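All remarks here apply to the structure that follows.
The values are calculated or read from the model by the stated rules, or taken from the named source; none is laboratory data. The shown structure was predicted, so the numbers you read here are calculated from the model rather than taken from an experiment. Heads up, the Cβs are rebuilt from the backbone with ideal geometry, glycines too, and the neighbour counts pull from every protein chain shown. These area figures cover heavy atoms from the full protein model, side chains too; ligands, DNA and RNA do not enter into them. Shrake-Rupley method; radii C 1.70, N 1.55, O 1.52, S 1.80 Å.
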Amino acid sequence: MIAINNLTKKMDFGRAEELLRFALSDHPLVDVTLNVTESDKTLDRLSAPGYELQALIYPTGSPHSYNLIVRTRPDTSLEVLMFHESVHLCQFESGKLGVDMKSGKYTWNGEEYPADFPYLSRPWEKEAINGQAALSKEWNAMKKSVCRVRKRLFGKNAK
């Protein structure tokens, strides 16, 4: 089960929560808590030259508890953001991904990476990018299927 504490003000988190729950529905997560906040300033500070972070998930220090920071107006679709960050959540929960919050160093499958390791070369980011694409494809297929059923039941004007 996942408990989501929505601390956002500007984002329509109802849809984001729906996307997160969809993305995590096949994962055997224990009771996970996700605290969602908006902070453009934090994401600007943590962004690398040539790559602007749109969201960031990291452990709070308590077991199975995470903070998710999102932009107030992300350049990336909400769907992509939630699917990408849900992959990272699963990476943390499985123990594949770890982060030392003081040094910024990452651990991926037991191998240590410095905080300044190039973003798009990080193996956990590559996995998240592939995962977000697969989840997006699955989400869109499900939506099309629901639309077809609604049209059969309620006629061609059904959405």
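Value of Rg to Rh for segment 1-83, rounded to two decimals, is 0.96; Kirkwood radius and Rg both from alpha-carbon coordinates.
Subtracting the Cα-Cα distance of residue 94 and residue 9 from their residue separation scaled by 0.36 nm leaves 27.5 nm. When the solvent-accessible area of segment 41-94 is split by element, carbon and sulfur atoms take up 52 percent of it, the probe being 1.4 Å. With K and R counted +1 and D and E -1, the other residues having a Cβ less than 13 Å from that of residue 51 yield a net charge of -4. Per residue, the accessible area of segment 3-159 comes to 59 Å², computed with a 1.4 Å probe over protein heavy atoms only. Here the spin labels are modelled as points 7 Å beyond Cα on the Cα-Cβ line, and at residue 151 and residue 76 they lie 3.1 nm apart. The aspartates and glutamates whose alpha-carbon is closer than 19 Å to the alpha-carbon of residue 9, local same-chain residues fewer than 8 away aside, are 17, 18, 38, 40, 44, 75, 79. In terms of the mean number of neighbouring beta-carbon atoms within 10 Å, the peptides 84-91, 55-62, 15-22 order highest first as 84-91, 15-22, 55-62. Cα-based values for segment 107-147, radius of gyration first and Dmax second, are 15.1, 46 Å. For the chain, the relative contact order comes to 18 percent (Cα pairs under 8 Å, sequence separation of at least 6). Counting only Cα atoms, the size of segment 34-125 along its three principal axes is 35, 29, 23 Å, in decreasing order. In this structure, the residue pairs whose Cα-Cα separation is over 28 Å, taken from 105/126; 41/126; 105/143, are 105/143. Comparing 95, 104, 50 in a Gaussian network model of the chain, where Cα atoms under 10 Å apart are tied by springs, the biggest mean-square fluctuation is seen for 50. With respect to the chain, whose longest principal axis is taken over its alpha-carbon atoms, helix 78-94 is tilted by about 50°. Summed over qualifying helices (DSSP H, 4 residues or more, each -39500 (n - 2.57)) and divided by its residue number, the chain shows a 222 nm mean residue ellipticity of -14500 deg cm²/dmol. Here the translational diffusion coefficient of the chain follows from Stokes-Einstein with Rh set to the Kirkwood radius across Cα pairs; for 4 °C and 1.567 mPa s it amounts to 77 µm²/s.
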